[in-house]
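J.: A single structure is presented below for examination.
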Amino acid sequence: MSSASRVPHLARLAIAAAWLAALALQPASADPLPARNGFPAQTVKFISPFPPGGGNDATARLVTTRLPEIMGQAAVVDNRGGAGGNIGAKAVAESRPDGYTVLTSQVSIMAVNPVLYASAGFDPVKNFVPITQINAAPLALVVDANSALKRFADLAAKARAAPGKVTYATPGNGTLSHLVGVVLAKDNGIGMTHVPYKGAGPALADLLGGQVDVLVTSTASVAGLVQSGKLRVLAVTSPRRIGVFAQVPTLEELGYAGARFEDWYGFFAPAGTPPERVAYLNEAIVRTLHLPEVTKLVNDGGSEVVANSSEAFAAQLKQDIDRWSRIVKLSGAKAD
């Protein structure tokens, strides 16, 4: 195997394998939740709408590794990447609403894509029922540890000196990562060339391989590589700074007003899923997220556990749809 072909493999292992290995070493400590009215009676499938190796995939696997102890049934992750998450989201929206197919989603898919894309293929409110919000976290702007860019000021200076020369990778068009670049260019004169990928895993591979200068992505996507010293963090996008990101400056602290972006992951069921099954999934997942070892790993990844009610998550979704749809329209960003 060539060194180039090893890069994607190493990047993906660094993101998710450390989490899963740590969980595998933990003794079973979950409090089992009895089935209700025969549910669940079979494997629950979690659709991650990005390829393996990114924050969405890693977060889904973090939960599904311990969830079977609570449900008494298997939980598996099915990666269906493409179109900034739209393909996987649409697949779940059109799936049978029986509680056995769940979407692992995030802000960019539910609050941005329906405005960014001419036809996302789903309606985030009409086609889904929120189960629970997993976490809340900033985004991180990272470079290879060997990069000449040591601080965010270095990146800003280089981008302003040669507009468009600096390239920034993201997990895809329309992600919050993409909008960070749009806002930095529009409001702060830091113009970089956007290089969208089909998930954080492929973007990480190219960052480590030297094909792009900077990566903007979730903290969960890069925590392992930051901790191992392979990546350097230039800035984060919100005051939530824990784990390996605790000492990293925020964009607002660096003087970039309006550059606060907060990401989250969450679980959704197809519209029409029986309320009692949504309630069961909520309780089972919340219990999983509150296991001390799971909470610690979420924190180590740079985010905080939320684990809220379906109703609270629905209210958060509505707030984010209102905010991000307005920002997308103001930015003029579009995706095919």
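The values are calculated or read from the model by the stated rules, or taken from the named source; none is laboratory data. All values derive from a computational prediction rather than experimental measurement. With ideal geometry, Cβ positions are generated from the backbone for all residues, glycine too; neighbour counts draw on all protein chains shown. With ligands, DNA and RNA removed, areas are computed over all heavy atoms of the protein, side chains included. Shrake-Rupley method; radii C 1.70, N 1.55, O 1.52, S 1.80 Å.
J.: When region 191-229 is examined, which residues are found to be assigned to a helix (DSSP H, G or I) and open to solvent by 40 Å² or more (accessible area, probe 1.4 Å)?
T.: To start, the set of residues in region 191-229 that are assigned to a helix (DSSP H, G or I) comprises 200-208, 219-227.
Hits for region 191-229 are D206, L208, Q227.
J.: Separate question: Return the residue satisfying two criteria in turn: it lies in region 163-190 and is open to solvent by 30 Å² or more (accessible area, probe 1.4 Å) and free of Cβ contacts under 8 Å to residues at least 40 places away in the same chain, and of such residues it is nearest to the chain's Cα centre (by Cα).
T.: A185
J.: If A30 meets every condition in (1) aliphatic (A, V, I, L, M); (2) at pLDDT 95 or above; (3) in a loop (DSSP other than H, G, I, E, B) apart from one, which number is that one?
T.: So the condition that A30 fails would be (2).
J.: So, of the residues in region 106-122 that are assigned to a loop (DSSP other than H, G, I, E, B) and open to solvent by 30 Å² or more (accessible area, probe 1.4 Å), which turns out to be modelled with the highest pLDDT? Quick ask: steps written out before the conclusion?
T.: Restricting attention to region 106-122, the residues satisfying the condition of being assigned to a loop (DSSP other than H, G, I, E, B) are 118-122.
Of the ones still in play, those that are also open to solvent by 30 Å² or more (accessible area, probe 1.4 Å) are 118-119, 121.
Details: A118: 89, S119: 92, G121: 96.
Looking at the filtered set, the residue picked out is G121.
J.: Would you call L103 modelled with pLDDT of 95 or more and either hydrophobic (A, V, I, L, M, F, W, C) or farther than 17 Å from K45 by Cβ (or both)? Please lay out each step first, then the result.
T.: Details: modelled with pLDDT of 95 or more: yes; either hydrophobic (A, V, I, L, M, F, W, C) or farther than 17 Å from K45 by Cβ (or both): yes.
Considered against the rule, which asks whether it is modelled with pLDDT of 95 or more and either hydrophobic (A, V, I, L, M, F, W, C) or farther than 17 Å from K45 by Cβ (or both), L103 comes out as yes.
J.: So, in region 231-253, how many residues would count as being assigned to a loop (DSSP other than H, G, I, E, B), among the aliphatic types (A, V, I, L, M), in contact (Cβ under 8 Å) with a residue 24 or more places away in the chain and more than 19 Å from L155 (Cβ to Cβ)? Walk me through how you get there before you give the answer.
T.: Here is the first cut: in region 231-253, the ones assigned to a loop (DSSP other than H, G, I, E, B) are 237-242, 246-249, 251-253.
Those still in the list that are among the aliphatic types (A, V, I, L, M) too: 242, 246, 248, 251.
Then drop every residue that is not in contact (Cβ under 8 Å) with a residue 24 or more places away in the chain, which leaves 242, 248, 251.
The next check asks that each one be more than 19 Å from L155 (Cβ to Cβ); those that pass are 242.
Counting residues in region 231-253 that are assigned to a loop (DSSP other than H, G, I, E, B), among the aliphatic types (A, V, I, L, M), in contact (Cβ under 8 Å) with a residue 24 or more places away in the chain and more than 19 Å from L155 (Cβ to Cβ) gives 1.
J.: Something else about it: Among residues belonging to region 288-336 that are under 17 Å from R61 (Cβ atoms), in a helix (DSSP H, G or I) and in contact with a strand residue (DSSP E or B) (Cβ under 6 Å, 6 or more places away or on another chain), point out the one that is most open to solvent (accessible area, probe 1.4 Å).
T.: T295
J.: Let me ask you something else. Out of everything in region 260-287 that is in a loop (DSSP other than H, G, I, E, B) and buried (at least 20 other Cβ atoms within 10 Å of the Cβ), what residue ends up being modelled with the highest pLDDT?
T.: Going through region 260-287, the residues in a loop (DSSP other than H, G, I, E, B) turn out to be 260-261, 264, 271-274.
With buried (at least 20 other Cβ atoms within 10 Å of the Cβ) added as a condition, the list becomes 261, 264, 273.
Details: F261: 87, W264: 93, T273: 98.
Once the filter is applied, the top-ranked residue is T273.
J.: Something else about it: Across region 123-150, which residue is least open to solvent (accessible area, probe 1.4 Å) among those that are touching a residue at least 12 places away in the same chain (Cβ under 8 Å), more than 16 Å from M192 (Cα to Cα) and more than 24 Å from the chain's Cα centre (by Cα)?
T.: Checking each candidate, the answer is S147.
J.: Continuing with this model, one more query. Output the number of the condition that F313 fails; it satisfies all remaining conditions of (1) under 22 Å from G172 (Cβ atoms); (2) in contact with a Pro (Cβ under 9 Å, 6 or more places away or on another chain).
T.: Of (1) under 22 Å from G172 (Cβ atoms); (2) in contact with a Pro (Cβ under 9 Å, 6 or more places away or on another chain), only one is false for F313: (1).
J.: Name the residue that is most open to solvent (accessible area, probe 1.4 Å), counting only residues in region 72-105 that are polar (S, T, N, Q) and touching a helix residue (DSSP H, G or I) at 6+ places or on another chain (Cβ under 8 Å).
T.: Going through region 72-105, the residues polar (S, T, N, Q) turn out to be 73, 79, 86, 95, 101, 104-105.
This time we only want the ones that are touching a helix residue (DSSP H, G or I) at 6+ places or on another chain (Cβ under 8 Å), so: 79, 86, 101, 104-105.
Details: N79: 45, N86: 8, T101: 22, T104: 0, S105: 0 Å².
My answer is N79.
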